[in-house]
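The values are calculated or read from the model by the stated rules, or taken from the named source; none is laboratory data. All values reported here derive from a predicted model rather than from experimental measurement. No Cβ is skipped: glycine too gets one built from the backbone with ideal geometry, and neighbour counts run over all protein chains shown.
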Amino acid sequence: MKFGINTYLFSSPFTNESVSWFPQFKEWGFDFVEIAVEDPANIDPEFIRKALDDNELECRSVCAATGPGRDLRGNRKEQITSLDYIHALIDIAPILGSSLVAGPIYSAVGRAGLVPEDKKQGQWNNVVKNLKILTKYAEEHRVKLAIEPLNRYETDFINTCDQALRLIHDVGSDALMVHLDSFHMNLEEKDPALAIHKAGDKLALLHASGSDRGTPGGDQINWDRIFAALDHINYQGDIVIESFTPDVLIIAKAASIWRQVEPSREAIAVDGLKFLRSLAF
């Protein structure tokens with residue numbers, strides 16, 4: 001099991017200049033960096049890879065940023081924009097050293113509303129159709145895609161592990177996996193540990209965040225049960241700290257971070273990593 005840090009805690013958008021954080025990540029003891037690529041044009045993947053190598057770090061997952069206009073269930077223009085964006089991430093990932101593109105790639109984050117079942121089925125069909133295109137491309141590049149259920153305030157489409165697994169079944173590709181997040185599970189799952197059991201060998205990534213978006217371990221989540229479930233399914237994947245503070249203004253607004261929930265970003269990274277490693281099997 002390896003532990004990583006998501007760049008959203010320190011930088012948005014991630015650019016070539018953001019590699020200045022890499023020495024600090026290494027000093028804090030992280031094994032890898034999960035890079036949130038908001039705009040592929042912002043980075044030179046080969047430059048980023050060299051900076052990772054120079055700091056003895058890996059990029060084991062690329063985090064997708066599906067903001068407005070990137071929506072596999074949207075209008076035709078939005079679907080094409082999203083397809084082009086995720087294709088670009090699949091191209092970039094191997095250069096960075098990663099074989100995983102993760103996140104809520106099925107829809108624009110923030111799109112949430114109660115829609116009639118027939119309309120929702122139409123959206124579902126569009127997402128399945130588009131994910132079949134993307135997984136075929138991913139398979140050709142030996143990359144996997146992992147879909148992340150989000151809480152009800154950020155999407156009305158995939159909120160639970162059960163829904164994610166149903167979508168994976170309908171797409172029918174071994175390149176499509178599940179990406180679970182402790183914050184979202186705390187809101188949406190009856191039992192987060194059971195969700196991990198259900199995901200089983202389809203679980204490709206776990207985001208660790210406190211119940212208030214702060215430090216893992218300094219919150220009300222039952223982390224002992226989370227790790228017991230990971231142990232039960234013999235989880236060999238990665239755990240990434242993805243928390244937020246008001247310091248990164250763009251992400252603070254997107255994630256509704258209106259107050260300083262922890263002393264500092266460093267405290268989240270250092271204390272969170274120490275706590276998670278203490279539970280690792």
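Of everything in the range 54-81, what is surrounded by fewer than 12 Cβ atoms within 10 Å (Cβ to Cβ) and without any contact (Cβ under 8 Å) to a residue 24 or more places away in the chain? Give them in sequence order.
Asn75, Arg76, Lys77, listed by residue number.
Among the candidates Val19, Val62, single out the residue that is at pLDDT 95 or above and either under 15 Å from the mean Cα position of the chain (by Cα) or on the phi > 0 side of the Ramachandran plot (or both).
Val62
Given (1) without any contact (Cβ under 8 Å) to a residue 60 or more places away in the chain; (2) more than 21 Å from Tyr106 (Cβ to Cβ); (3) within 12 Å of the chain's Cα centre (by Cα), identify the lone condition not met by Ala208.
If we test Ala208 against (1) without any contact (Cβ under 8 Å) to a residue 60 or more places away in the chain; (2) more than 21 Å from Tyr106 (Cβ to Cβ); (3) within 12 Å of the chain's Cα centre (by Cα), just (1) comes out false.
Report, by residue number, each residue of the range 25-49 that is among the hydrophobic types (A, V, I, L, M, F, W, C), in contact (Cβ under 8 Å) with a residue 60 or more places away in the chain and either at positive phi or in a strand (DSSP E or B) (or both).
Phe32, Ile35
Regarding the range 194-205, can at least one residue be identified that is assigned to a loop (DSSP other than H, G, I, E, B), out of contact with any strand residue (DSSP E or B) (no Cβ under 6 Å at 6 or more places or on another chain) and not polar (S, T, N, Q)?
no
One line per residue, one yes/no per condition, for (1) touching a residue at least 60 places away in the same chain (Cβ under 8 Å); (2) acidic (Asp, Glu):
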site: Val109; (1), (2): yes, no
site: Glu148; (1), (2): no, yes
site: Asp170; (1), (2): no, yes
site: Ser182; (1), (2): no, no
site: Asp201; (1), (2): no, yes
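Look at Ala88 and say whether it is under 23 Å from Gly272 (Cα atoms), small (Gly, Ala, Ser) and touching a helix residue (DSSP H, G or I) at 6+ places or on another chain (Cβ under 8 Å).
no
Out of all the residues in the range 41-82, which are closer than 24 Å to His207 by Cβ and of a type in the set (A, V, I, L, M)?
Ile43, Ile48, Ala51, Leu52, Leu57, Val62, Ala64, Ala65, Leu72
For the structure I just gave you, tell me whether Ala102 is assigned to a helix (DSSP H, G or I) and of a type in the set (Gly, Ala, Ser). Give the derivation first.
Values: assigned to a helix (DSSP H, G or I): no; of a type in the set (Gly, Ala, Ser): yes.
When the stated conditions are applied, Ala102 does not pass them.
Specify which of the listed residues (Met185, Met177) is within 17 Å of the chain's Cα centre (by Cα) and assigned to a helix (DSSP H, G or I).
Residue meeting the stated conditions: Met185.
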